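The values are calculated or read from the model by the stated rules, or taken from the named source; none is laboratory data. Remember, predicted model here, so these are calculated numbers, not experimental data. In this analysis, Cβ positions are derived from the backbone assuming ideal geometry, glycine residues included, and neighbour counts consider all displayed protein chains. Heavy atoms of the whole protein, side chains included, go into the accessibility calculation; ligands, DNA and RNA do not. Shrake-Rupley method; radii C 1.70, N 1.55, O 1.52, S 1.80 Å.
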Amino acid sequence: MFPKKTLLSVAGVLAATLLVSACSSGGDTAGTATTPGAPGSNQSATPVTVSIDPASADGVSPTTPIVVKAANGKLLDVAVTSAKGKAVAGKIASDGLSWTNTDVLGYGGTYKIVAHAQGSDGKSVEKDGQVTTLSPTKQANANLIPAPSAVKSSGVGVGQPIVFSFGVAVKDKAAVEKALDVESSPKQEGSWYWMDDKNVHYRPKEYWKPGTTLTVTAKIYGVDFGNGVFGAEDRTETYKVHDSWIAKADGNTEQMQIFHNGDMVKSMPISMGKDATPTHLGAHVISDKQANYTMDSCTYGVCPPDPKAYRSNEKFSQRISNDGEFVHENPNSVGQQGSSNVSHGCINLNAANAEWFFQNFGLGDVVEVTNSGGPQLPVWDLYGDWSKSWPDWQKGAAL
């Protein structure tokens with residue numbers, strides 16, 4: 001048996017030996033573990049995770065992108081298919097961390113999402129999801145006026161407004177207007193004006209510059225018009241503005257002066273609306289032209305037996321307002337042309353002048369009327385856009 005003093009010495013030696021051993025091994029026992037995921041490790045790397053946004057959602061806008069992301073690993077593949085089995089194209093980012101669809105989804109569709117990813121530990125995982133897009137009560141088309149096909153070869157005049165007609169009432173005008181754009185080259189200031197709930201017009205501050213190219217875009221697909229109405233499809237069209245043709249009809253002189261690119265090239269005697277049916281004042285824009293046209297007062301509510309009613313066939317007719325005002329040939333008023341106003345509101349010309357005017361003027365060209373004794377052409381009368389001052393026109397925009 002060892003003496004007590006000897007036992008204490010032995011204990012001290014053992015404690016010192018253990019301390020040296022611990023220090024030489026690198027400290028506390030946690031230090032004995034290798035880096036997670038490293039060869040020989042007793043612990044696995046953090047597993048890969050996959051997220052889908054939106055995930056298992058209903059009533060999603062078809063323009064909302066499906067985004068699949070991987071964390072702690074990379075995506076191997078992503079498949080998105082419709083209920084009919086049609087694949088939706090998409091692309092994995094170069095870093096392998098995300099995928100986004102490049103095809104646009106449709107309305108009222110259900111899409112299955114299956115994604116595979118691999119972690120740094122070499123293990124693969126699968127993530128499933130499902131998205132159902134909204135079903136509109138109605139869909140609205142962006143109908144353009146003038147129809148691009150009608151002016152493809154001729155172009156439009158410097159006074160031509162660009163009109164979107166949707167066919168259904170637009171409740172959220174700001175959302176729709178935000179999706180519309182008119183880009184002019186050369187650049188010119190312009191603005192929208194809502195004539196009513198279905199029609200919005202765009203015009204520049206001043207007449208378009210001759211030779212301007214207009215790129216008109218409506219990115220309305222997926223846009224909520226309100227009341228369950230959504231945009232049917234996007235649309236982009238191009239218009240070309242031709243030479244400037246402006247006619248200035250003066251009720252005091254009974255003459256109409258013709259200006260081509262700012263230079264007066266012709267003057268012709270006219271007869272405008274008589275006192276009972278005066279021609280509207282202001283800038284009119286030609287919206288239609290017909291070599292032979294039947295003018296019927298019933299089209300604007302004046303029908304027999306009203307003594308003001310009329311129906312006649314006229315040549316070389318170009319419409320300048322929606323309530324029956326035209327520039328056209330009228331052989332019956334040749335004696336008054338240049339001296340007095342006798343028409344129902346139209347601007348009458350003799351045969352030679354009417355044919356010349358018809359050959360040189362077209363859609364979007366301008367007829368400015370002064371001193372007719374009539375009221376101002378209303379802004380809502382087809383293309384009465386130029387009746388508003390620029391500040392007042394801008395107030396008609398939703399944004």
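Laid out as a table, the results:
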{"read-out": "Meets criteria (outside any strand (DSSP E or B), without any contact (Cβ under 8 Å) to a residue 40 or more places away in the chain, surrounded by fewer than 13 Cβ atoms within 10 Å (Cβ to Cβ) and of a type in the set (Gly, Ala, Ser)) for Gly96", "value": "no"}
{"read-out": "Among residues of region 243-266, those that are open to solvent by 60 Å² or more (accessible area, probe 1.4 Å), among the charged types (D, E, K, R) and not in a strand (DSSP E or B), counted", "value": "1"}
{"read-out": "Among the residues listed as Val229, Val223, Val241, the single one being touching a helix residue (DSSP H, G or I) at 6+ places or on another chain (Cβ under 7 Å) and in contact (Cβ under 8 Å) with a residue 24 or more places away in the chain", "value": "Val223"}
{"read-out": "Condition met for Ala291 (farther than 20 Å from Pro204 by Cβ and free of Cβ contacts under 8 Å to residues at least 60 places away in the same chain)", "value": "no"}
{"read-out": "Residues (farther than 30 Å from Glu368 by Cβ and either surrounded by 20 or more Cβ atoms within 10 Å (Cβ to Cβ) or among the acidic types (Asp, Glu) (or both)) located in region 233-242", "value": "Glu233, Asp234"}
{"read-out": "Flag if Ser149 is in a helix (DSSP H, G or I), open to solvent by 50 Å² or more (accessible area, probe 1.4 Å) and modelled with pLDDT of 95 or more", "value": "yes"}
{"read-out": "Residue tally, condition open to solvent by less than 50 Å² (accessible area, probe 1.4 Å) and under 15 Å from the mean Cα position of the chain (by Cα), over region 204-225", "value": "10"}
{"read-out": "Every pair of residues 6+ apart whose Cβ atoms lie under 6 Å, when the first sits in region 368-396 and is within 19 Å of Ile246 (Cα to Cα) while the second is of a type in the set (Asp, Glu) and part of a strand (DSSP E or B)", "value": "Thr370/Asp250; Asn371/Asp250"}
{"read-out": "Residues that are open to solvent by less than 10 Å² (accessible area, probe 1.4 Å) and in a helix (DSSP H, G or I), drawn from region 340-376", "value": "Ala354, Phe357"}
